[in-house]
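One structure below.
The values are calculated or read from the model by the stated rules, or taken from the named source; none is laboratory data. Bear in mind that the values here come from a model prediction, so they are computed numbers and not experimental data. Positions of Cβ are generated from backbone atoms using ideal geometry, with glycine treated the same way; all protein chains shown enter the neighbour counts.
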C-alpha cells in the first residue's frame, strides 16, 4: 500500500506490522511523532498492544526489561537527553541479551539547548552493546525497523537494536512509502518466541551479581554475539530484498558509483543523499568520485571498508558528532579499520552539521577536494 508519510510515521507503521505487544513511551522531540501515531493505532483498535505511559525515558527503558522478560515483543522511541537519561539501562538491556528495538530520532545533546539534528546522542551510546542501524529515507526507516526485530531475535545474536533517523531532516519530512501487507511481514518475521523468559514453572534468574572470575566471559559472549550480528544483518537485508524488492547495500554499508572510484565521501544518514549529488557533479568534471554510506555503526563494518579502501586515493569522512578533545568518532573508527592496510588512502576528517546546521553540496565538495590535496580536515562551518 502506497502512502505519503514522515519517517517517524513510517516507523510506527513498521511497529504495527511487527505485532509489537508492549510500548513503554515518554515522548521527546523530535521522536514524539512515533508514540503519537502508535497511540492512535492502539486507540482505534489497529493494534492489540499496551502502551505504558511512564514518567521518564529511564523508566521506558526499564519497563522494556520487564516486558521482554515476560515474553512480549517490545518497542520504544527517544532522542537526545532522553537517550542520555536511559544510559544507565542501555548496557543492562544488552547485557541481559534482550532483543529490544528502539527508534532514535537523532538530536544534539544539551548544552546549549538545541533540538535539531546531529548524531551526538546515539554515537555517544555506541559502546553499550546495542546494534546501531542508520536510515537514509522514510522507506528505509520502515524497512529497517522490521529487519531490526529479525536481527535482534536471531538465536546467535539476542542483542538490542537502535534504528536511528536524522531528527527533523528525516523524522518530520514526508515521502512516498510502500507499506507491506501484514501477511507478508508475518512470513518474514515469525511470532516472538523468546528462548528465555520469566516462567514460574521454569524458574530462572536474570541479572545476578557476577564476580571477577566470570564477568569477562559474559562480555566475551556479548562480543561474539555482536560479531555474529554482522551476518544476521546482511542476511536480514538480503532476505528482505528478495521478499519485498528493497535492500540497502549489503546491510552494513551502501555505496554509490564506487566501481571505479578513486576518491570517496563517507558518512552516515541523510548527508549521504546530498553526497550523491556531489558525486554526480564531480563525475561530470572528470573526477572519479564515489560515496560510502555506513548503515551499521555497530558492529562496525571493518572488512567492507577495507575492501572499498584498497582502490581509493582519498576518503573524506564527515562526522555529525565530535568526541571533544580529539575528533569525530566515525573518523576514529575508519582510521582504525584501515590501519591494517599496506597501502592506505589519505583520510581527511571533517566535523559538520552539528546542532542541525545544513551540510551543503559546497561543504562536501570542499571536504573531498581538501583530501585530494592531502590537506587535513577540519570544521565545515
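Please state which of the following conditions residue 237 fails to meet, knowing it meets all the rest: (1) within 13 Å of residue 157 (Cα to Cα); (2) not in a loop (DSSP other than H, G, I, E, B).
(1)
Please indicate, with yes or no, whether at least one residue in region 161-174 is more than 27 Å from residue 317 (Cα to Cα) and surrounded by 12 or more Cβ atoms within 10 Å (Cβ to Cβ).
From region 161-174, those more than 27 Å from residue 317 (Cα to Cα) are 174; that's our starting set.
Keeping just the survivors that are surrounded by 12 or more Cβ atoms within 10 Å (Cβ to Cβ) gives 174.
Yes, because at least one residue in region 161-174 is more than 27 Å from residue 317 (Cα to Cα) and surrounded by 12 or more Cβ atoms within 10 Å (Cβ to Cβ).
If the requirement is being surrounded by fewer than 24 Cβ atoms within 10 Å (Cβ to Cβ) and either at pLDDT 95 or above or out of contact with any helix residue (DSSP H, G or I) (no Cβ under 9 Å at 6 or more places or on another chain) (or both), which of these qualifies: 147, 128?
Details: 147 fails: surrounded by fewer than 24 Cβ atoms within 10 Å (Cβ to Cβ).
The unique qualifying residue is 128.
Could you identify the single residue in 283, 246, 295 that is more than 16 Å from residue 143 (Cβ to Cβ) and at pLDDT 95 or above?
From the options 283, 246, 295, the qualifying one is 283.
Is it fair to say residue 33 is at pLDDT 95 or above, crowded, with 16+ Cβ neighbours inside 10 Å and touching a helix residue (DSSP H, G or I) at 6+ places or on another chain (Cβ under 7 Å)?
Yes, satisfied.
Are any residues in region 334-347 in contact with a strand residue (DSSP E or B) (Cβ under 8 Å, 6 or more places away or on another chain) and under 13 Å from residue 304 (Cα atoms), and if so, which ones?
Correct list: 334, 338.
Which condition number in (1) touching a helix residue (DSSP H, G or I) at 6+ places or on another chain (Cβ under 9 Å); (2) under 30 Å from residue 96 (Cβ atoms); (3) modelled with pLDDT of 95 or more; (4) surrounded by 14 or more Cβ atoms within 10 Å (Cβ to Cβ) is the one that residue 194 fails?
Here residue 194 clears every test but (3).
Kindly establish whether residue 249 is assigned to a loop (DSSP other than H, G, I, E, B), over 21 Å from residue 352 (Cα atoms), touching a residue at least 40 places away in the same chain (Cβ under 8 Å) and touching a strand residue (DSSP E or B) at 6+ places or on another chain (Cβ under 8 Å).
Spelling it out, residue 249 is indeed assigned to a loop (DSSP other than H, G, I, E, B), over 21 Å from residue 352 (Cα atoms), touching a residue at least 40 places away in the same chain (Cβ under 8 Å) and touching a strand residue (DSSP E or B) at 6+ places or on another chain (Cβ under 8 Å).
Take residue 232 and decide whether it is closer than 27 Å to residue 119 by Cβ and without any contact (Cβ under 8 Å) to a residue 60 or more places away in the chain.
No: the conditions fail for residue 232.
Within region 34-69, track down each residue that is in contact (Cβ under 8 Å) with a residue 12 or more places away in the chain and not in a helix (DSSP H, G or I).
Correct list: 46, 47, 48, 49, 50, 51, 52, 53, 54, 55, 56.
Could you please tell me which pairs satisfy a Cβ distance under 7 Å, a separation of 6+ or placement on different chains, a first residue in region 161-179 that is free of Cβ contacts under 8 Å to residues at least 60 places away in the same chain and on the phi < 0 side of the Ramachandran plot, and a second residue that is part of a strand (DSSP E or B) and surrounded by fewer than 24 Cβ atoms within 10 Å (Cβ to Cβ)?
none
Among the residues of region 74-98, how many are surrounded by 24 or more Cβ atoms within 10 Å (Cβ to Cβ) and either touching a strand residue (DSSP E or B) at 6+ places or on another chain (Cβ under 8 Å) or over 21 Å from residue 14 (Cβ atoms) (or both)?
Residues flagged as surrounded by 24 or more Cβ atoms within 10 Å (Cβ to Cβ) and either touching a strand residue (DSSP E or B) at 6+ places or on another chain (Cβ under 8 Å) or over 21 Å from residue 14 (Cβ atoms) (or both) within region 74-98 amount to 9.
Residue by residue through region 283-335, note down the ones that are within 21 Å of residue 128 (Cβ to Cβ), under 16 Å from the mean Cα position of the chain (by Cα) and not in a helix (DSSP H, G or I).
Listed by number, the residues that qualify are 294, 295, 296, 297, 298, 299, 300, 301, 319, 320, 321.
Got at least one residue in region 261-269 being outside any strand (DSSP E or B), at pLDDT 95 or above and more than 25 Å from residue 322 (Cα to Cα)? Don't jump to the end; show me each part of the working.
Just the residues of region 261-269 that are outside any strand (DSSP E or B), to begin with: 261-262, 268-269.
Narrowing the set further to residues that are at pLDDT 95 or above leaves 261-262, 268-269.
With more than 25 Å from residue 322 (Cα to Cα) added as a condition, the list becomes 261-262.
For region 261-269, residues outside any strand (DSSP E or B), at pLDDT 95 or above and more than 25 Å from residue 322 (Cα to Cα): present.
Under 18 Å from residue 282 (Cα atoms) and touching a residue at least 12 places away in the same chain (Cβ under 8 Å), is that true of residue 380?
no
Considering only region 356-374, state which residues are surrounded by 16 or more Cβ atoms within 10 Å (Cβ to Cβ), within 26 Å of the chain's Cα centre (by Cα) and in a helix (DSSP H, G or I).
Within region 356-374, 356, 363, 364, 365, 367, 368 meet the criteria.
Return yes or no: is residue 113 surrounded by fewer than 20 Cβ atoms within 10 Å (Cβ to Cβ) and closer than 18 Å to residue 22 by Cα? Before the answer, list the steps.
Numbers: surrounded by fewer than 20 Cβ atoms within 10 Å (Cβ to Cβ): yes; closer than 18 Å to residue 22 by Cα: no.
No; evaluated as a whole, the condition is false for this residue.
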